[in-house]
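Report on the following structure.
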Amino acid sequence: MKPVTLFRGFGYGVLLMLLLWGCAGQKQLPGSETVVETSGGDRPDWVTEVPEDEDGLMFFRGFKTKAVTLEGGLTDARENASRQIIEMIEQRGMADYSNVRVERGIPESDADIGSVINDGLKILSDNVVRGIKERETYFEKVEVFTGSGLKYYYNVFSLVAIPENEYRVAMQRAVDTLKVRAREQNNAKAEAFLDEMNKRFYRADVSRQ
């Protein structure tokens with residue numbers, strides 16, 4: 001055999017060994033994950049950074065990771081966003097209620113006003129949830145190598161928005177509902193408290209109510 005032919009044969013053998021070694025090095029390890037499908041292109045920016053308030057809207061991002069089904073993930077992501085909004089609204093509502101309670105010298109232990117505050121926050125949350133609008137959704141289908149096979153799960157994200165003035169509108173509705181209850185129960189103290197809420201925060205003309 002000619003030296004050149006021998007060298008070529010040796011070279012091809014080395015190349016084949018390198019290729020086989022490379023393939024073996026790329027073997028999936030148990031637990032390795034790969035995104036195999038998305039709802040469209042790369043992750044949008046809002047998935048990692050919630051947009052700033054804009055055009056009179058407040059934005060919130062809900063999410064669900066490792067959802068078993070896409071439908072279940074979408075439901076959980078939307079509920080997660082709604083919970084964030086409710087928590088924010090309840091914090092603002094509690095601050096408004098507490099400010100009026102303190103200024104009127106009403107102790108925290110007052111059962112009548114405490115009941116008004118608790119009921120008001122519940123009504124407030126229900127009213128705000130009705131104003132939530134979903135703007136976008138994004139999902140990723142992830143493939144997981146278990147070592148003996150493959151399994152799949154979904155990462156799901158939901159971008160929702162509510163108008164900035166929705167809080168004021170919802171609080172006015174809550175106060176109006178509570179005033180009706182207070183009148184029906186002849187609870188003058190609660191009614192006066194609610195009138196103060198209107199005057200301080202919502203500029204309502206209580207003289208016409």
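When the stretch 54-73 is examined, which residues are found to be in a loop (DSSP other than H, G, I, E, B) and among the hydrophobic types (A, V, I, L, M, F, W, C)?
If we filter the stretch 54-73 for residues that are in a loop (DSSP other than H, G, I, E, B), which is where we start, we get 55-56, 68-69.
The one that is in a loop (DSSP other than H, G, I, E, B) and among the hydrophobic types (A, V, I, L, M, F, W, C): V68.
Provide a single number: the residues in the stretch 29-50 that are more than 19 Å from E79 (Cα to Cα), in contact (Cβ under 8 Å) with a residue 12 or more places away in the chain and not hydroxyl-bearing (S, T, Y).
10
Is it the case that the stretch 128-147 has a residue that's on the phi < 0 side of the Ramachandran plot, among the polar types (S, T, N, Q), touching a Lys or Arg at 6+ places or on another chain (Cβ under 8 Å) and at pLDDT 85 or above? I'd like the intermediate steps shown before the answer.
Within the stretch 128-147, the first condition is being on the phi < 0 side of the Ramachandran plot, and the residues that meet it are 128-146.
Within this subset, residues satisfying the condition of being among the polar types (S, T, N, Q) are 137, 146.
Pick out the ones that are also touching a Lys or Arg at 6+ places or on another chain (Cβ under 8 Å) and you get none.
No, the conditions are met nowhere in the stretch 128-147.
Take A161 and tell me if it is among the small types (G, A, S) and either in a strand (DSSP E or B) or at pLDDT 90 or above (or both).
Working: among the small types (G, A, S): yes; either in a strand (DSSP E or B) or at pLDDT 90 or above (or both): yes.
Answer is yes for this residue.
Scan the stretch 118-138 and give yes if some residue there is among the aromatic types (F, W, Y), outside any helix (DSSP H, G or I) and either in contact (Cβ under 8 Å) with a residue 24 or more places away in the chain or under 15 Å from M94 (Cα atoms) (or both), otherwise no.
Here is the first cut: in the stretch 118-138, the ones among the aromatic types (F, W, Y) are 138.
Filter once more, so that each one left must be outside any helix (DSSP H, G or I): 138.
Still in the running and either in contact (Cβ under 8 Å) with a residue 24 or more places away in the chain or under 15 Å from M94 (Cα atoms) (or both): 138.
Yes, the conditions are met somewhere in the stretch 118-138.
Can you tell me which of V129, V142 is within 28 Å of the chain's Cα centre (by Cα) and within 15 Å of T69 (Cα to Cα)?
Numbers: V129 fails: within 15 Å of T69 (Cα to Cα).
Unique residue meeting the criteria: V142.
Can you tell me how many residues within the stretch 70-80 are under 20 Å from K151 (Cβ atoms), surrounded by 13 or more Cβ atoms within 10 Å (Cβ to Cβ) and not small (G, A, S)?
3
If I filter the stretch 87-105 down to residues being crowded, with 18+ Cβ neighbours inside 10 Å and under 22 Å from the mean Cα position of the chain (by Cα), which single residue comes out as farthest from A67 (Cα to Cα)? Walk me through how you get there before you give the answer.
So the first thing to find is which residues in the stretch 87-105 are crowded, with 18+ Cβ neighbours inside 10 Å, and the list is 89, 93, 96-97, 100-101.
Restricting the remaining residues to those that are under 22 Å from the mean Cα position of the chain (by Cα) gives 89, 93.
Details: I89: 28, G93: 33 Å.
Top of the filtered list is G93.
Every residue in the stretch 54-73 that is among the aliphatic types (A, V, I, L, M) and closer than 23 Å to E166 by Cβ, please. Break it down stepwise before answering.
At the first step, the residues of the stretch 54-73 found to be among the aliphatic types (A, V, I, L, M) are 57-58, 67-68, 70.
If the condition is that a residue be among the aliphatic types (A, V, I, L, M) and closer than 23 Å to E166 by Cβ, then L57, M58 are the ones that fit.
Could you tell me whether the stretch 36-53 includes any residue that is part of a helix (DSSP H, G or I), over 19 Å from E166 (Cα atoms), at pLDDT 90 or above and among the aromatic types (F, W, Y)? Break it down stepwise before answering.
Start the filter on the stretch 36-53 by keeping residues that are part of a helix (DSSP H, G or I), which leaves 45-47.
Still in the list and also over 19 Å from E166 (Cα atoms): 45-47.
In the following step, the residues that additionally are at pLDDT 90 or above were identified as 45-47.
Keeping just the survivors that are among the aromatic types (F, W, Y) gives 46.
Scanning the stretch 36-53, I find at least one residue that is part of a helix (DSSP H, G or I), over 19 Å from E166 (Cα atoms), at pLDDT 90 or above and among the aromatic types (F, W, Y), so the answer is yes.
Take the conditions of a type outside the set (K, R) and loosely packed, with under 15 Cβ neighbours inside 10 Å and apply them to D55. Does it pass?
Values: of a type outside the set (K, R): yes; loosely packed, with under 15 Cβ neighbours inside 10 Å: yes.
Yes.
Please list, ordered by first then second residue, the pairs with beta carbon atoms under 7 Å, 6 or more apart or interchain, first in the stretch 74-91 and assigned to a helix (DSSP H, G or I) and at pLDDT below 90, second of a type in the set (S, T, Y) and surrounded by 15 or more Cβ atoms within 10 Å (Cβ to Cβ).
Going by the 7 Å Cβ cut-off, the qualifying pairs are I86/S125; I89/S125; I89/Y167; E90/S125.
Out of E191, E196, report the one residue that is in contact with a helix residue (DSSP H, G or I) (Cβ under 8 Å, 6 or more places away or on another chain), crowded, with 19+ Cβ neighbours inside 10 Å, in a helix (DSSP H, G or I) and at pLDDT below 90. First the steps, then the outcome.
Numbers: E196 fails: crowded, with 19+ Cβ neighbours inside 10 Å.
None of the other options fit; the residue is E191.
What are the residue pairs meeting all of these: first residue in the stretch 140-168, first residue over 17 Å from E49 (Cα atoms) and of a type in the set (S, T, N, Q), second residue modelled with pLDDT under 95 and assigned to a helix (DSSP H, G or I), Cβ atoms under 9 Å, and 6 or more apart or on different chains?
Once the first residue is over 17 Å from E49 (Cα atoms) and of a type in the set (S, T, N, Q) and sits in the stretch 140-168, no partner that is modelled with pLDDT under 95 and assigned to a helix (DSSP H, G or I) comes close enough.
The values are calculated or read from the model by the stated rules, or taken from the named source; none is laboratory data. Note that the coordinates shown come from a computational prediction; the quantities given were computed from them, not determined experimentally. FYI the Cβ positions are ideal-geometry reconstructions off the backbone, even for glycines, and counts take in every protein chain you see.
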